[in-house]
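Below is one structure; the comments refer to it alone.
The values are calculated or read from the model by the stated rules, or taken from the named source; none is laboratory data. Because the structure is predicted, anything quoted here is derived from the model rather than measured. Glycine gets a Cβ as well: all are built from the backbone with ideal geometry, and neighbour counts include every protein chain shown.
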Amino acid sequence: MLSQRAEGVDEALAFFSEAIALDSQFALAYAGLGNTYLWQAWSNMLPSDEAFPKARMYAQQALRYDSTLAYAHAVLGAVNLWYDWKWEEARSSLELAIRHNPSEARAYLDLGWYHAISGNFDEAIVQIEKAVSLDPFNLEYNIDLADIYRMAKRYDRAEKIGKEMLALYPSNSETHWILGLIAYTRGQYAAAERYFQQCVDASDGEDWTQLHLAMAKAKTGNAKAAQKIIDDLLKAGPLTETAPVELAMAYLSLNQQDKALAMLDDAYRRHANWLISIPIDPFWDTLRSHPRFKALVRKMNFPGS
């Protein structure tokens with residue numbers, strides 16, 4: 001279920017909870033619940049400061065019942081990486097997971113992200129390719145691999161992976177999203193708008209998908225429509241809590257730098273998950289020389305900095 005990313009989270013949560021109801025010491029089910037809460041954060045279904053602590057709690061519970069469970073160590077490493085920003089603890093947990101089980105694909109995936117934010121794209125790709133080789137049709141792993149290729153500016157390879165996933169999972173919002181993000185990063189804004197619209201449709205209008213559509217509309221000469229999407233979302237719900245990084249991206253697409261920087265500062269206070277990509281994502285290149293952006297990157301003390 002979780003390999004389908006956002007669309008599979010609710011079903012996975014129900015199945016893992018049912019397994020625990022049947023066996024209160026089932027370590028693997030606790031680890032699965034932890035991974036489900038990771039996806040609650042990554043998909044903006046819950047605020048990071050609500051979802052990640054729950055992911056940590058369930059991973060630790062799993063390890064109380066089985067201290068050698070690689071899956072639980074991998075989930076704990078993901079929390080250390082994406083939320084706690086304890087870089088070396090994250091690496092240690094992920095490498096421990098692999099020692100316990102060399103086939104633990106989840107650990108290779110986040111170890112790849114660790115190397116990416118360290119500035120080592122080649123090693124990041126090696127690690128995430130291992131995750132994909134262990135589970136070739138896993139949408140999550142392939143989407144992340146495509147995203148790393150995008151951030152490394154190897155766009156043709158990123159697009160090839162994205163299109164392969166679109167062929168396999170045509171109704172999944174994430175497949176349209178990654179192709180839209182690749183097109184956006186390449187400056188192909190009309191194509192990005194088409195993909196992001198498809199992403200909105202496939203997700204039934206989830207907030208984060210609409211923010212990406214707003215990004216593309218801002219770049220295709222429809223700034224008024226982009227601003228309306230943002231304003232409507234802000235009126236409808238706690239967008240600043242669930243998607244501060246995506247909101248910052250939308251503001252930056254409208255050339256509203258001060259608002260973008262304010263949302264990044266808010267994302268820092270909340271330890272919002274996608275903030276870890278700011279040192280490597282080309283999207284932020286226009287802000288790299290800004291003193292407030294540079295200060296934010298310094299505060300996060302990324303590995304390799």
Requested in this report: Just need a number here: residues in the stretch 271-289 that are polar (S, T, N, Q) and either in the same structural domain as Asp144 (by TED's automatic domain parsing) or assigned to a loop (DSSP other than H, G, I, E, B) (or both).
Outcome: 1
Requested in this report: Among the candidates Ala51, Ala29, single out the residue that is more than 25 Å from Gln210 (Cα to Cα), of a type outside the set (Val, Ile, Thr), at pLDDT 90 or above and surrounded by 20 or more Cβ atoms within 10 Å (Cβ to Cβ).
Outcome: Ala29
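Quick grid of which residues meet (1) loosely packed, with under 13 Cβ neighbours inside 10 Å; (2) outside any helix (DSSP H, G or I); (3) in contact with a helix residue (DSSP H, G or I) (Cβ under 7 Å, 6 or more places away or on another chain):
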{"position": "Val200", "(1), (2), (3)": "no, no, yes"}
{"position": "Thr209", "(1), (2), (3)": "no, no, yes"}
{"position": "His212", "(1), (2), (3)": "no, no, yes"}
{"position": "Leu234", "(1), (2), (3)": "no, no, no"}
{"position": "Leu247", "(1), (2), (3)": "no, no, yes"}
{"position": "Phe302", "(1), (2), (3)": "no, yes, yes"}
Report summary line: When the stretch 58-73 is checked residue by residue, the ones that are of a type outside the set (Ser, Thr, Tyr) and surrounded by 24 or more Cβ atoms within 10 Å (Cβ to Cβ) are Ala59, Ala62, Ala72, His73
**Report entry** In the stretch 244-302, residue nearest to Ala223 (Cα to Cα) [restricted to those that are of a type in the set (Gly, Ala, Ser) and touching a Leu at 6+ places or on another chain (Cβ under 8 Å)]
**Finding:** Ala250
Query raised in the report: What tally of residues in the stretch 80-107 results from selecting those that are of a type in the set (Asp, Glu), more than 26 Å from Arg269 (Cβ to Cβ) and surrounded by fewer than 18 Cβ atoms within 10 Å (Cβ to Cβ)?
Result: 1
Report summary line: Subset of the stretch 160-189, residues crowded, with 21+ Cβ neighbours inside 10 Å, more than 15 Å from Ala214 (Cα to Cα), of a type in the set (Gly, Ala, Ser) and without any contact (Cβ under 8 Å) to a residue 60 or more places away in the chain, comes to Gly162
Query raised in the report: Tell me, which residue of the stretch 215-226 that is touching a helix residue (DSSP H, G or I) at 6+ places or on another chain (Cβ under 8 Å) and farther than 18 Å from Ile182 by Cβ is surrounded by the fewest Cβ atoms within 10 Å (Cβ to Cβ)?
Result: Ala225
Report summary line: Here, helices (runs of 4 or more DSSP H) confined to the stretch 37-130 with at least 1 residues that are of a type in the set (S, T, N, Q) are 48-65, 87-100
Requested in this report: Give the residues of the stretch 249-266 that are of a type in the set (A, V, I, L, M, F, W, C) and part of a helix (DSSP H, G or I), sorted by residue number.
Outcome: Met249, Ala250, Leu252, Ala260, Leu261, Ala262, Met263, Leu264
Query raised in the report: Considering Leu264, Leu239, which residue is aliphatic (A, V, I, L, M) and either modelled with pLDDT under 95 or under 18 Å from Ser118 (Cβ atoms) (or both)?
Result: Leu239
Query raised in the report: If you go through the stretch 230-261 one residue at a time, how many are farther than 18 Å from Ser289 by Cα and among the small types (Gly, Ala, Ser)?
Result: 4
Query raised in the report: Any idea which of (1) crowded, with 21+ Cβ neighbours inside 10 Å; (2) among the hydrophobic types (A, V, I, L, M, F, W, C); (3) at pLDDT 90 or above is the one Phe16 doesn't satisfy?
Result: (3)
Query raised in the report: Can you tell which of Ala202, Ala216, Ala226 is touching a Leu at 6+ places or on another chain (Cβ under 8 Å), touching a residue at least 24 places away in the same chain (Cβ under 8 Å) and not assigned by TED's automatic domain parsing to the domain that holds Tyr155?
Result: Ala226
Requested in this report: Take the stretch 236-245 and flag every residue that is hydrophobic (A, V, I, L, M, F, W, C), in a helix (DSSP H, G or I) and crowded, with 19+ Cβ neighbours inside 10 Å.
Outcome: Leu239, Val245
